[in-house]
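Derivation of every value follows stated rules applied to the coordinates shown; laboratory data play no part. Since we're looking at a predicted model, the values are computed, not measured. All Cβ positions, even for glycine, are placed from backbone atoms using ideal geometry, and neighbour counts span all protein chains on display.
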Amino acid sequence: MSGNEYVDPSVYVCLQEESENDVHYNDNSNILTFIAEEANSTIKLNRAGTDTALQNAVLKYSTNNGGLYQDYVIGDTITLQNVGDSVKFKGNNATLGTDSSNYHQFVMTGKIKSSGDITSLFNEVGGNIAMPAYGCYELFRDCASLTVAPVLPATTLADNCYGAMFRGCTSLTTAPALPAMTLAASCYVSMFNRCTALKTPPALPAKALTSYCYQFMFYGCTSLETAPKLPAETLADGCYFCMFQNCTNLTTVQNQIGSQSTLIPTSACSNMFKNTSILSAPELPSMLIRNASYAHMFEDCKKLESAPSVLPATDLYYWCYQNMFRNCTKLKTTPQINGQVPKNGAQQFVKMFENCSSLETATILQTGSTGNGMYQAMFNGCSSLKYIKALFTVITSNGLKDWTIGVPTGETGTFVMNSNANWNPEDHRGQNGIPVGWTVQTASE
């Protein structure tokens with residue numbers, strides 16, 4: 001067309017109308033894309049909840065790299081008829097979720113891999129943007145058809161932004177990279193929960209954690225064999241709670257969690273490795289623990305042979321070691337357990353080694369009072385135990401309740417007590433104290 005040719009103005013009107021109807025070309029490679037790996041695979045996006053803030057969420061889609069984008073109707077199914085067929089999604093949305101009852105969720109059939117940035121759902125072009133709270137909450141939950149996750153480029157996170165995002169994605173073998181160095185509360189909670197094929201976890205580079213940030217993150221990932229390194233020195237309440245629980249093939253973890261000066265807040269490591277196959281527990285050097293800091297941490301680890309060499313904390317809080325090694329049937333020796341008088345509450349050692357049927361020796365350097373129920377059922381069912389060194393000086397009511405039920409009696413056992421103890425060992429024989437027949441020796445602190 002030369003510059004002197006007449007052009008009907010209506011042509012420009014038509015082009016303008018197409019633009020206003022959001023017909024776009026010049027596609028961007030960062031846009032979220034789903035590609036069929038199996039013929040007649042399907043995908044749709046549903047909306048859960050009634051929050052009016054989500055009613056204005058708008059997405060566009062384009063099939064087979066055609067460059068033509070159309071409005072997507074929430075709940076409509078897109079069929080990818082042939083292997084290699086694809087669909088792209090983008091949008092300009094403040095968020096796709098507002099809480100645990102109001103969110104969007106993809107539903108898939110067949111076999112589908114993804115590429116491109118998840119952030120194209122929020123700004124149309126992808127890239128590193130700040131993730132909104134609950135932005136991707138449960139977005140791919142139970143998408144058993146998803147084989148490859150999209151890129152998650154955001155380095156600025158918000159509360160629950162990726163909560164349960166891939167939970168139940170049982171075909172996902174490799175996790176996407178998580179580059180954020182600064183975390184938000186519950187940002188990764190249950191993110192890969194029950195991803196039973198996951199073998200390659202993401203690196204977790206953050207040095208300072210937030211409350212419940214990694215809670216249930218890899219729960220039930222039964223193909224996971226090696227845990228990612230955890231370099232954080234600043235922990236928060238529940239940060240590692242149930243993080244690897246029921247990862248039944250997990251055998252390899254780092255050799256230390258935190259440092260001597262790291263505060264282990266409430267429930268920070270509770271249930272962290274419960275029911276895994278680790279052989280050797282990481283060292284736990286922290287001097288600063290709180291309520292339930294290590295409760296249930298290695299419970300049901302039936303292959304665990306080596307515990308941390310020492311538990312050095314001196315101030316003992318509610319349930320801090322409760323059930324910590326319960327049912328660890330191959331463990332032969334306890335850590336050296338330090339401590340002074342109970343700092344807060346009771347039941348610090350309840351069932352700590354219950355049913356550790358191979359346990360032979362126990363060393364408890366905690367001094368002062370046993371506290372209310374402090375040692376309750378600590379060695380219940382330890383059928384091989386034959387040596388206990390315990391340096392507490394005062395036995396309170398119920399302090400040793402059911403302490404040694406199931407521990408062998410007879411002359412083969414030895415109990416070493418504090419020479420400064422104010423209690424008579426013969427007054428504390430039986431299941432609520434020293435096993436009957438055991439030899440009693442004394443030792444200084």
Check: Got a sec? How would 274, 303 order by Cβ neighbour count within 10 Å, fewest to most?
Finding: 303, 274
Checklist line | the stretch 195-251 - convex hull of the alpha-carbon atoms, volume per residue in Å³ | finding: 66 Å³
Checklist line | Hits among lysines - C-alpha to C-alpha of residue 199 under 21 Å, sequence gap 8 or more where chains match | finding: 111, 113, 229, 274, 303
Notebook entry, point to check: So which lysines can residue 386 reach, going by Cα to Cα under 16 Å and dropping same-chain residues fewer than 8 places off?
Noted result: 330, 332
Margin query: Compute and list, largest first, the equivalent-ellipsoid semi-axes of the stretch 324-445 from the alpha carbon gyration tensor, each √(5λ) rounded to a whole angstrom.
Written below: 19, 17, 13
Note to self: Between helix 9-20 and the chain, what is the angle of the helix's C-alpha long axis to the longest principal axis, kept within 0 to 90° and rounded to the nearest 10?
What the structure shows: 10 degrees
Next item on the list: Relative to the compact-globule scaling 2.2 N^0.38 Å, provide the ratio for the alpha-carbon radius of gyration of the stretch 290-378.
Entry: 0.98
Next item on the list: Kindly provide the GluC sites (Glu not before Pro) of the stretch 194-303 that DSSP labels as loop, not H, G, I, E or B, and whose Cβ sees at most 16 other Cβ atoms within 10 Å.
Entry: 225, 233
Notebook entry, point to check: Please state the Cα pair-distance histogram of the stretch 66-217 with 10 angstrom bins from zero: what percent is in each bin?
Noted result: 11, 42, 36, 9, 1
Note to self: Let me test this: with uniform point scatterers at the alpha carbons of the chain, what is the Debye-based log₁₀ I(q)/I(0) at q = 0.09, 0.10 1/Å?
What the structure shows: -0.66, -0.76
